[in-house]
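The block underneath contains the structure these notes are about, expressed in structure tokens.
Bear in mind that the values in this text are calculations on the coordinates, not laboratory data. Note that the structure is predicted; figures quoted are calculated from it, not measured. FYI the Cβ positions are ideal-geometry reconstructions off the backbone, even for glycines, and counts take in every protein chain you see.
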Amino acid sequence: MSGPRHVFAVSSAGRLLTVAADDRMAAWWPRLAPHVPGADSAGLAVLSSGGSSADLSLASRIGLGDARRLINVRLQRLHLGYDVLSLHAVALVRPGCGSSVVLLGGHGAGKTLVAIALAQAGWLPVSGDLALLRVGPQPAVLGGTSAFLARPEAVRRWFPGLHLPELDTDRVDLRGRWGSVAQLGPWPVRAAVLVDVDGDPAAQLEQPKTVDAHTAVSAWLRASTHLLDRILDSSPEVLRLVEDEGSARRRVELVRHLADQLPLHTAWGAPQFIASRIDELVPAGDDVMEGAVG
């Protein structure tokens, strides 16, 4: 980055990270914010100008992608201090009851496809890739990334009625297509599902199964490690080293507690079929909502 330096306030689900950068940060923010969990893309506050200290300082050579990775990994450590995990997961809220579902799975597992099927059934997306999940007696989603990116080929195959525009891109952003959540949570998590979309529409696991304790802990741990395993394009910095020993131990403690508190189901089949099984796991009149849905 070049030009005058400023200290910006990055808010994520009510937590504040100060970031020292030049004025390109403000120009980047509308593109950065959808990929920062719990962030507001409307604006970015400038706290001070000059040489003030900050939680994170972005070097002049940094690019937009690395700025996002560095901000998110620092936010992950910040949220850990408040018993909140930053998870590679898609989360949705059921309007009318405020209950949420968290979808886990690696890249290409079909989380977004299942989320689209749920959205078509009336659910509202809360996070398209990263979800903030508060761990406690009642796990709850606090917010997530607003960008809702999907592979257009897969969407056209499973959801031809969506009529995606013909764009030369490997991702299309579907955010806002089904409405949006009016404000940040908390939204109590009523189900967590490890999804696996099968290419054969006839293949399916009749009912979601509850996975064993070891598999559940491993799945939550992988989801919580996502941000730490990124490679920077313009810096030799190792993101995993941002997490010190104390933070690592706390993250594992939270993962174990989450696995104890929240059964993890596994579902296999077509997106629409998995979504129908999730509908059964979270009945429409499930509970009174904590967060507001609009």
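Taking the fewest neighbouring Cβ atoms within 10 Å as the starting point, the ordered list for Lys209, Lys111 is Lys209, Lys111. Rounded to 0.05, the FRET efficiency of the Leu16 and Asp260 pair, given R0 = 22 Å and the Cβ-Cβ distance, is 0.10. Taking the Cα centre of the chain as reference, the dipole from Cβ charges on Lys and Arg (+1) and Asp and Glu (-1) amounts to some 420 debye. Classify region 57-157 as rounded, prolate or oblate from the Cα gyration tensor: take a ≥ b ≥ c as the square roots of its eigenvalues, call it rounded if a/c is under 1.5, otherwise prolate when a/b beats b/c and oblate if not. The shape class here is oblate.
The distance between label points at His214 and Val238 comes to 2.8 nm (points 7 Å beyond Cα on the Cα→Cβ vector). Considering every Cα-Cα pair within region 84-281, what fraction, in whole percent, is farther apart than 24 Å? I get 39 percent for the Cα pairs in region 84-281 exceeding 24 Å. Compared with the dominant principal axis of the Cα atoms in the chain, helix 213-225 is inclined by about 40°.
Which shape class applies to region 187-273: rounded if a/c is under 1.5, otherwise prolate when a/b exceeds b/c and oblate if not, where a ≥ b ≥ c are the square roots of the Cα gyration tensor eigenvalues? Oblate, because a/c is 1.5 or more while a/b does not exceed b/c. Please figure out what share of the DSSP beta bridges in the chain is antiparallel and state it in percent, rounded to the nearest 5. Of the beta bridges lying entirely in the chain, close to 70 percent run antiparallel. For a test of the definition: using alpha carbon positions, the gyration tensor, and the 1.5 limit on a/c, classify region 5-80 as rounded, prolate or oblate. Rounded.
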